[in-house]
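Read through the structure below, which is laid out as structure tokens, and then see the notes.
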Amino acid sequence: MWYWHNGDIVEQEKVLIPVEDHGFLYGMGLFETLRTYNFVPFLFDAHWERLNKSMEALWIDFPYTKAEIETAIQRLCRQNDAPNLYIRLNVSAGVAPLGLYAGRYETPNVTMIVKALPTEVVPQEKQVEPIPFPRSRPEAAFRLKSHHYMNNILGKRTLQNPDAEGLFADENGHVVEGLVSNIFWVGPDDVLYTTPLSSGPLAGVTRKWVMEHFSVVEQSVTFEELSVAKEIWMTNSIQQIAPVTQYGDHSFPGKDGVRFKEAWTELIRSLG
């Protein structure tokens, strides 16, 4: 595959970042995971907005305009002969003095790592397992999509089914989010719910899309309370809305869920 690195299209094995980069040394880095449909990055405005908010929180100056990144995405699709791409837009803070640096990062290393995605857009059903230790608290005033993924990786290792999505709760037993996703559920009252941002989940782009298109109530929930839901969905920017078929000993309708079908139909309509 061909990647984009600091303004150039480069063969993936030739992408290099200095060991003095503070993204490597101290985790001072951010990323956005997005996808294209037929060469067009989906919900790119929301990704761009979140990335800029996060970079300001870490004092990282971004050296490219929105238009330049959009052009780079088009170039990557053409170079890889792949109209549907998984893209990780990665911003590593850059080289700075060794130690706890208190200044702004003016020359980050910016990379787009990609892989091809299938042409067909179909729902990806999920099984969900609770993770037996708490979600880490956000690094800043809000959850950053940062290089700090140790909590997620350790959570992944606890799964009985390696293909399942792990589900984190906080130290008080309230569900926060999945390993790589936000959570929605349809309660016994037929109301669509999601966990509040105040509990520490990432402000997901697909989460935002669902909340803009449907009536959603933000509410805390425990693992036990979640088991009586009518439907559960996990959302992220690659699978979009993944309906759950199994949570613990409880079965759920997955892609046959009534409310899921409504959401999926609206999502497909949004793709044009």
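The values are calculated or read from the model by the stated rules, or taken from the named source; none is laboratory data. Treat the numbers as computed from the prediction; the structure is a model and nothing was measured. Cβ coordinates were reconstructed from backbone atoms using ideal geometry, including for glycine residues, and neighbour counts include every protein chain displayed. These area figures cover heavy atoms from the full protein model, side chains too; ligands, DNA and RNA do not enter into them. Shrake-Rupley method; radii C 1.70, N 1.55, O 1.52, S 1.80 Å.
Pull out a ≥ b ≥ c, the square roots of the eigenvalues of the alpha-carbon gyration tensor of the stretch 96-173, then state rounded if a/c is under 1.5, prolate if not and a/b is larger than b/c, and oblate in the remaining case.
Verdict is oblate for the stretch 96-173.
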- The whole-number value in µm²/s of the Stokes-Einstein translational diffusion coefficient for the stretch 51-111, with Rh from the Kirkwood sum over alpha carbon pairs at 20 °C and 1.002 mPa s, is 162 µm²/s
- Find out how many positive minus negative residues lie around GLY94, taking Lys and Arg as positive, Asp and Glu as negative, among other residues whose Cβ is under 15 Å from that of GLY94. -3
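Could you give the accessible area per residue of the stretch 57-183, probe 1.4 Å, as a whole number in Å²?
On the way: 6490 Å² over 127 residues.
That works out to 51 Å² for each residue.
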- For LYS261, the lysines lying under 19 Å Cα to Cα, once residues fewer than eight places off in the same chain are dropped, come out as LYS126, LYS208, LYS230
- Query: What length, rounded to one decimal in nm, is gained on full extension from VAL216 through to GLU13, with 0.36 nm per residue of separation minus their alpha-carbon distance?
  - Reply: 68.7 nm
- Item | Helix-only CD estimate at 222 nm, as mean residue ellipticity for the chain, using -39500 (n - 2.57) per DSSP H run (n ≥ 4) | -7000 deg cm²/dmol
- Note on the structure: From the Cα centre of the stretch 205-272 to that of the stretch 35-61, the distance in Å is 23 Å
- Query: Just how much of SER270 is accessible, in Å², when a 1.4 Å probe is used and the result is rounded to the nearest 10?
  - Reply: 50 Å²
- the chain, accessible surface, carbon-and-sulfur percent (1.4 angstrom probe): 53 percent
- Taking only C-alpha pairs under 8 Å that are 6+ residues apart, what is the relative contact order of the stretch 144-272 in percent? 20 percent
- Query: After finding the eigenvalues of the alpha carbon gyration tensor for the chain, what semi-axes result from the square roots of 5 times each, listed largest first in whole Å?
  - Reply: 32, 23, 16
- the stretch 94-200: which trypsin sites (Lys or Arg not before Pro) are DSSP loop and have at most 16 other beta-carbon atoms within 10 angstrom? ARG104, ARG157
- Semi-axis lengths (Å, descending) of the ellipsoid that matches the C-alpha gyration tensor of the stretch 1-118: 26, 16, 10
- Diffusion coefficient, µm² s⁻¹, Stokes-Einstein with Kirkwood Rh over alpha-carbon pairs of the stretch 12-74 at 37 °C and 0.692 mPa s: 244 µm²/s
- Hydrodynamic calc, the stretch 80-226: Kirkwood Rh from Cα pairs, then Stokes-Einstein at 37 °C with viscosity 0.692 mPa s, so D in µm² s⁻¹ is 185 µm²/s
- Task: Go through the stretch 121-177 and name the GluC sites (Glu not before Pro) that are in a DSSP coil and have 12 or fewer other Cβ atoms within 10 Å of their Cβ.
- Result: GLU171
- Note on the structure: With the 8 Å Cα cutoff and a minimum separation of six or more residues, the chain has a relative contact order in percent of 18 percent
